[in-house]
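Chemist: Before I ask anything, here is the structure I am working with.
The values are calculated or read from the model by the stated rules, or taken from the named source; none is laboratory data. Because the structure is predicted, anything quoted here is derived from the model rather than measured. Positions of Cβ are generated from backbone atoms using ideal geometry, with glycine treated the same way; all protein chains shown enter the neighbour counts. Note: accessible area is taken over every heavy atom of the protein model, side chains too, but ligands, DNA and RNA are not part of it. Shrake-Rupley method; radii C 1.70, N 1.55, O 1.52, S 1.80 Å.
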Amino acid sequence: MMEEMSWWQVSEALRNGVDTVIVPMGSVEQHGHHLPLLTDTIHAHYLSERIAQEMGNALVAPVIRPGYSEHHMDFPGSISLRNETLANVLLDYCNSLIHHGFKNIVMLTCHGGNTPVLNAVASEVAMARAKEGVNVFPVDPYSEAYYGKDRDKIGQPVGWPDGIHGGKYETSSVLAYRPELVDMSKADTEWPESYKTHDGKFAFNEETMMLALTKGMKHFTESGVIGDGKAGDPEYGRRVTEILAKNIAQWLCRLITSR
């Protein structure tokens with residue numbers, strides 16, 4: 001974790017060939033009555049740390065937060081940056097890290113609202129810095145590409161039936177790494193009827209994500225939860241994080257060494 005190192009330690013790491021850095025993105029937004037506003041930031045911190053440990057030659061920059069959370073602003077405490085503000089922060093982060101000598105920039109977000117900005121900035125930095133030998137890797141850690149082959153072990157971390165916000169995985173992850181911030185006596189289970197498809201099944205897809213972003217989360221959930229917050233299990237949270245970290249690290253190492 002770079003923020004816990006001295007400048008001299010970072011300099012030594014770079015001299016020793018550590019030229020990969022993970023730039024995690026989180027949020028400051030509601031996650032129901034039982035989880036802290038810091039939930040996505042906790043995910044980003046510990047998942048990125050495990051990915052770096054798996055890779056063995058990467059550092060982790062401080063988690064960027066707040067993020068874009070306009071769709072959560074009906075819930076007090078949530079803080080949202082404008083897309084252009086977030087894009088400029090992310091761009092400045094990357095330029096600073098590249099200035100110091102990092103060549104492989106891994107952009108990872110644990111909050112879906114950040115994804116459009118992350119993808120746009122990743123493309124901009126990659127195109128602008130390609131001649132300097134800089135590689136940029138945007139990562140959505142909850143993509144099926146990283147958990148699909150392990151679905152029988154961990155289910156579907158973000159989606160049905162485990163929930164997409166304040167549900168089983170997010171509750172489990174915070175219980176695993178920051179249990180003192182969780183109040184399970186206030187955990188909710190909420191499945192909004194408006195997230196059902198025409199055949200009566202729940203779905204988390206482009207349509208439902210679009211509705212959440214344009215109508216706001218309050219349109220769907222009173223508690224702020226979409227899923228089963230009562231199903232939180234710290235062992236499950238650790239297991240999912242470990243599997244995701246291993247799979248993402250393997251993918252990154254393969255891409256970096258092939259370039």
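Chemist: Between rounded, prolate and oblate, where does region 207-256 land on the alpha carbon gyration tensor, with a ≥ b ≥ c its root eigenvalues, rounded for a/c under 1.5, else prolate if a/b exceeds b/c?
Modeler: Oblate shape, in that a/c is at least 1.5 and b/c is the bigger or equal ratio.
Chemist: While we're on this one: Could you work out the relative contact order of the chain? I mean the mean sequence separation of Cα pairs under 8 Å and 6+ apart, divided by the number of residues, in percent.
Modeler: 24
Chemist: Quick check: from the Cα gyration tensor, does region 19-97 come out rounded (a/c under 1.5), prolate or oblate?
Modeler: Taking the square roots of the gyration eigenvalues as a ≥ b ≥ c, region 19-97 is oblate.
Chemist: Turning to a different aspect of this structure: Given region 8-147, what percent of its DSSP beta bridges are antiparallel, to the nearest 5?
Modeler: Antiparallel: roughly 10 percent of the beta bridges in region 8-147.
Chemist: For SER123 paired with LYS215, estimate the spin-label separation in nm (one decimal), with each label point 7 Å from Cα along the Cα-to-Cβ line.
Modeler: 2.9
Chemist: Filter the GluC sites (Glu not before Pro) in region 108-160 to those in DSSP coil with at most 10 other Cβ atoms within 10 Å of their Cβ, and list the result.
Modeler: Those that pass, being in a loop and sparsely packed, number zero.
Chemist: Got a number for carbon plus sulfur as a percent of the chain's accessible area, 1.4 Å probe?
Modeler: Looking at the chain in its full context, I get 51 percent from C and S.
Chemist: Straight-line reach only, C-alpha to C-alpha below 28 angstrom: list the lysines that LYS246 could link to, leaving out same-chain residues fewer than 8 apart.
Modeler: Qualifying lysines at Cα under 28 Å: LYS103, LYS149, LYS153, LYS168, LYS230.
Chemist: Now, a different point. Sum -39500 (n - 2.57) across every DSSP H segment of at least 4 residues in the chain, then divide by the residue count to get the 222 nm mean residue ellipticity, nearest 500.
Modeler: Result for the chain: -13500 deg cm²/dmol, rounded to the nearest 500.
Chemist: Also, quick follow-up: Once all Cα-Cα distances of region 65-215 are split into 5 Å bins that start at 0, what whole-number percent is in each one?
Modeler: P(r) over region 65-215, rounded to whole percents: 2, 8, 14, 17, 18, 17, 13, 8, 4, 1, 0.
Chemist: Can you give me the solvent accessible area of ILE79 with a 1.4 Å probe, rounded to the nearest 10 Å²?
Modeler: Approximately 80 Å² of ILE79 is accessible to the 1.4 Å probe.
Chemist: Cut-off under 13 Å on the C-alpha distance; same-chain residues fewer than 8 positions from LYS186 excluded. Which aspartates and glutamates are left, in chain and number order?
Modeler: ASP228
Chemist: Let me ask you something else. Cα gyration tensor of region 79-146, axes a ≥ b ≥ c as square roots of the eigenvalues: rounded (a/c below 1.5), prolate (a/b > b/c) or oblate?
Modeler: oblate
Chemist: Roll a 1.4 Å probe over the protein chains and send me the accessible area per residue for the chain in Å². Working shown, then result.
Modeler: Numbers: 11900 Å² over 259 residues.
Roughly 46 Å² per residue, with all protein chains present.
Chemist: Enter the accessible area of PHE220 (Å², nearest 10), with the probe set to 1.4 Å and all protein chains included.
Modeler: 20
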